[in-house]
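Computed from the coordinates by the stated procedures, all read-outs in this text should not be read as laboratory data. Quick caveat: nothing in here was measured; it's all calculated off a predicted structure. So basically every Cβ, Gly included, is an ideal-geometry build from the backbone, and we count neighbours across all protein chains shown.
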Amino acid sequence: MNIQQIVSQNPNLSFLPIKSDKRPSVETWSWKEKVDYNFNNCYGIGLICGSISGDIEVIDIDCKYDLTGSLFQRFKKAINEADASILKNLVVQSTPSGGYHFIYRCKTRTKNSKLARRHSTAEEISKNPSDKVKVLIETRGDGGYFAVWPTKGYEIKYGDISDIKYITDEQRNTIFEVAGTFNEYFQEFKPTVKAEKKKVEGLTPFEDYNQRGDVVALLESHGWKVSGHKGTKTLLLRPGDSKASHSGNWDEEQGYFSVFSTSTQFEPEHGYRPYAVFGVLECNKDWSETARRLYAMGYGDRIEDKVKNTQPIEIESDTENDNDLSFLATEEDYKGYIKSLRDGSFEMGKTTGFPDLDNYFLIKEGSLVIINGHDNVGKSVVIWYMQMLAALQHGWQFIVLSSENSVGGFMRKMIEFYWCEKIDQLTDKKIEIAEKFINSHFKIILSADELHTYDGIIRKIKKIVTVLKDWKFKGVLIDPYNGLDVVVPKGLSEHAFHYKAISELKLLGKLYNLSIYINCHAVTASLRIKDAEGYPVAPGKADTEQGGKFPNKADDFLTIHRKTQHPTEWMVTEIHVRKIKEMETGGKQTPKDSPVKIRSVGGLVGFEQMNGYNPIKAFHERNSNNQTQIFQPEPKLEIVHGNDDSDEELPF
């Protein structure tokens, strides 16, 4: 069938003569009024979209820019999974470049719009530096047209160009939402905000909320539902009826929320920072009100009116000490350090007891060690066990504040760690020896009857170190940091308060040569990031409560993680070494997604490497001659298991 036949047989469609490059072969054309064009000797025809052709709209799938080679198949499958009634109502046309057109009629239409794009590759940009974005899926609607069969290179694959069916608004919206899930490119949404007259030092409410706000919880409170996870993205389904698998996502790594649906308060193809999500949902895009609300909720550094002193500032001069420059560094302050590096006498960190972990993390004096992890993964017991190892192997003595655990619970676990046996299986003599050792290496600050502030704890630590002169304390454990009472002085923001707290705790460690271990929870939002099996992934440094100031201040940073609900790996603890400030003294970051793994043994009475090496058992074996009376064989109870000869370790 030739062009003239198609045009004459379809008077309800409005066609346009086009050239080989798909441009109109007429000087002017209209998408609002029907015109009888001359189609003699034209290269091809274009079908004009909109009401002029009976409400025609088309989805243009440009496969030549698809890097996977499967865009069409994946798009088609996703539409069918969302609504199996849609595909059979489409006319499908292939294009010369290997792409496809989905043609349909719908009462609701828009002008040409881009539904899915991707960033250009480095190779593509090198060929054309201005070409930063490639379009994968777009529409042709009111005001647009598209080349159609029997133009050369175009072929109808399904349906009939003379019988283009209507789809419902809901079906059209489903196509658009599904198309949006293939989008990889977003422009950050930047609202127009009037410049503040007052100059604010520190974080603004917007910046602070970007760091600490829980976007997913906010969206859920407005009817959005979490429908799944994909890498660092939390997939969300909009409120109301939708057959798409999801309507947008929160990208934890990029820090923005984006939508695919046109049926929300958010603009498609834009990335919304947390403050912008709050402004859209809570303040109807009133950005001044957004700033006021967030500030009232405690976000941003506090603004205090300052009285300007119009008098010149006089700097008092101490004539007796005018020439005192003792605050400047001299050769004496660094010569010893340089010499130790050259002659090999530089003091390295001490072994943790786990050879596998020693490759990445060592025990060092005067270090600030920040630990983070999700709730209930066993952060406390892992750190207690490592401190027991430091006490056994190196004689380290510790000050411990464990506000979420009783003194009895701490002592029981440390006794079990000392022997690597359950407390109800220990003899009175073994318990006596363990207690004596623990009481000579650990001082526990009571927390049941008092809420401690960070400065109160600093005063207590200074008093302990000063009064107990016979003790040579090397470490302090604050577990957890959010167990401390937060009393923010007037005129100081909460952000500045916590920054001051961690700075003073670090200074305390340097002044008294104490390693300060601070256990921190991870932010709630990080729990929503799942791996391929659906288990929460280990949080990163940036997921620490109180934001980036704690990781930034840390000398060393560890993440402790465990898949608590895994059927076989629930007893395996991952230790991710995220930061080692002084690698000269030993240590380095663990490779991405390759943490050091240790395994709990005997109902959590200790830990061993995955190869079975148990550092505390090894310690006792090396020192058995000094504790002969403890290691006398005890009667063994033979337990008969019937015909079951399996030695598999059970969780109960």
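Which aspartates and glutamates, if any, have their Cα less than 18 Å from the Cα of Lys152, not counting same-chain residues under 8 positions apart?
Excluding near neighbours in sequence, the set is Asp21, Asp60, Asp62, Asp160.
For the chain, what does the helix formula give at 222 nm: sum of -39500 (n - 2.57) over DSSP H segments with n ≥ 4, over the residue count, nearest 500 deg cm²/dmol? Before the final figure, lay out each step's value.
Details: 17 runs with 172 residues, N = 652.
That comes out to -8000 deg cm²/dmol.
Find how much the distance from Arg74 to Lys429 grows on full extension, using 0.36 nm per residue of separation minus their present alpha carbon separation; answer in nm with one decimal.
Difference between extended and current length: 120.9 nm.
Restricting to Cα pairs below 8 Å that are 6+ residues apart, what does the relative contact order work out to for the chain? Please round to a whole percent.
11 percent
Between [x] 16, 34, 19, 15, 12, 4, 0; [y] 14, 35, 28, 17, 6, 0; [z] 18, 50, 30, 2, which matches P(r) over Cα pairs in 20 Å bins from 0, in percent calculated for the structure shown?
Among [x] 16, 34, 19, 15, 12, 4, 0; [y] 14, 35, 28, 17, 6, 0; [z] 18, 50, 30, 2, the one derived from this structure is [y].
Could you state the angle between the C-alpha long axis of helix 494-512 and the longest principal axis of the C-alpha atoms of the chain, as a value from 0 to 90 degrees rounded to the nearest 10?
40 degrees
Using the number of other C-beta atoms within 10 angstrom as an exposure proxy, rank His101, His222 with the fewest first.
Values: His101 23, His222 13.
Listed from fewest to most nearby Cβ atoms, that is His222, His101.
I need His561, His394 ordered by Cβ neighbour count within 10 Å, fewest first.
Placing the least packed residue first, the sequence is His394, His561.
For helix 274-283, what angle does its Cα long axis make with the longest principal axis of the chain, in degrees from 0 to 90 and rounded to 10?
For helix 274-283, the angle is close to 70 degrees.
Considering only DSSP states other than H, G, I, E and B, which GluC sites (Glu not before Pro) in the stretch 482-575 qualify as loop sites with at most 12 other Cβ atoms within 10 Å?
Filter output for the stretch 482-575: Glu533.
Going by amide H atoms built from the backbone, whose H comes under 5 Å of the H on Tyr158, apart from near neighbours?
Placed amide hydrogens put Val92 under 5 Å from Tyr158.
Provide the FRET efficiency to the nearest 0.05 for the Glu188-Arg292 pair, computing r from the beta carbons and using R0 = 35 Å.
Efficiency for this residue pair is about 0.95.
Excluding residues fewer than 8 places away in the same chain, name every one of the aspartates and glutamates whose C-alpha is closer than 13 Å to that of Lys617.
Straight-line reach from Lys617, under 13 Å: Glu416, Glu421, Glu608.
With the crude spin-label approximation of a point 7 Å out along Cα→Cβ, what separation in nm comes out for Arg118 versus Arg459?
So the label points at Arg118 and Arg459 sit 6.2 nm apart.
Tally Lys/Arg at +1 and Asp/Glu at -1 over every other residue whose Cβ is under 15 Å from the Cβ of Pro551; what's the total? Display every interim value, and only then the final one.
Numbers: positive: Arg212, Lys506, Lys541, Lys549, Lys553, Arg578, Lys579, Lys581; negative: Asp543, Glu545, Asp555, Asp556.
Taking every other residue near Pro551 into account, the sum is +4.
Counting alpha carbon pairs within less than 8 Å and at least 6 residues apart, what relative contact order, in whole percent, applies to the stretch 349-626?
28 percent.
If each of Asn439 and Gln4 carries a label point 7 Å out from its Cα toward its Cβ, how far apart are those two points in nm?
It works out to 11.1 nm between the two label points.
Mind giving me the FRET efficiency for Lys107 and Glu282? R0 is 56 Å, r the Cβ-Cβ distance, nearest 0.05 is fine. Write out the running numbers ahead of the final one.
On the way: r = 34 Å, r/R0 = 0.60.
The calculated FRET efficiency here is 0.95.
Treat every Asp and Glu Cβ in the stretch 3-183 as -1 and every Lys and Arg Cβ as +1, leave all other atoms uncharged, and give the resulting dipole magnitude about the Cα centre to the nearest 20 debye. Please report the intermediate quantities before stating the final value.
Values: 25 positive and 22 negative charges, 47 e Å.
Dipole magnitude for the stretch 3-183 comes out near 220 debye.
Each residue of the stretch 569-583 in turn: what ³J(HN,Hα) in whole Hz from Karplus with 6.51, -1.76, 1.60 and θ = phi - 60°, glycine and Pro shown as x?
Rounded to whole hertz, the list is 9, 5, 9, 9, 9, 9, 10, 9, 8, 8, 7, 10, 6, 10, 6.
Using Cα pairs closer than 8 Å and at least 6 residues apart in sequence, work out the relative contact order for the stretch 3-183, in percent.
After rounding, I find 27 percent.
At a 10 Å Cβ-Cβ cut-off, how would you order Val487, Val178, fewest neighbours first? Can you show the working numbers first?
Numbers: Val487 11, Val178 28.
The order, fewest Cβ neighbours first, is Val487, Val178.
Could you work out how much longer the chain between Thr564 and Asp449 gets when fully extended? Use 0.36 nm per residue separation minus the Cα distance between them, nm to one decimal.
Taking 0.36 nm per residue and subtracting the Cα distance, the gain is 38.3 nm.
Multiply the residue gap between Ser624 and Phe497 by 0.36 nm, knock off their C-alpha separation, and tell me the result in nm, one decimal place.
Values: separation 127, 0.36 × 127 = 45.72 nm, distance 5.00 nm.
Once the chain is fully extended between Ser624 and Phe497, it gains 40.7 nm.
Relative to the Cα centre, what is the charge dipole magnitude of the stretch 349-626, using +1 at the beta carbon of each Lys and Arg, -1 at the beta carbon of each Asp and Glu, and rounding to the nearest 20 debye? Provide the component values of the computation, followed by the final result.
Details: 37 positive and 32 negative charges, 140 e Å.
Result for the stretch 349-626 is approximately 680 debye, rounded to the nearest 20.
Under 5 Å between amide hydrogens, which residues at least 5 positions from Ser515 or on another chain qualify, with H placed 1.01 Å from N in the peptide plane?
The answer is Gly366, Ser367, Gly475, Val476.
Applying the Karplus parametrisation 6.51 cos²θ - 1.76 cosθ + 1.60 with θ = phi - 60° to the phi angles of the stretch 592-607, what ³J(HN,Hα) value in whole Hz is obtained for each residue in order, glycine and proline being reported as x?
4, 6, 10, x, 6, 10, 10, 10, 6, 10, x, x, 6, 9, x, 9
Amide H of His229 versus every other amide H placed in the peptide plane: which residues, excluding those fewer than 5 positions away on the same chain, fall under 5 Å?
Leu235
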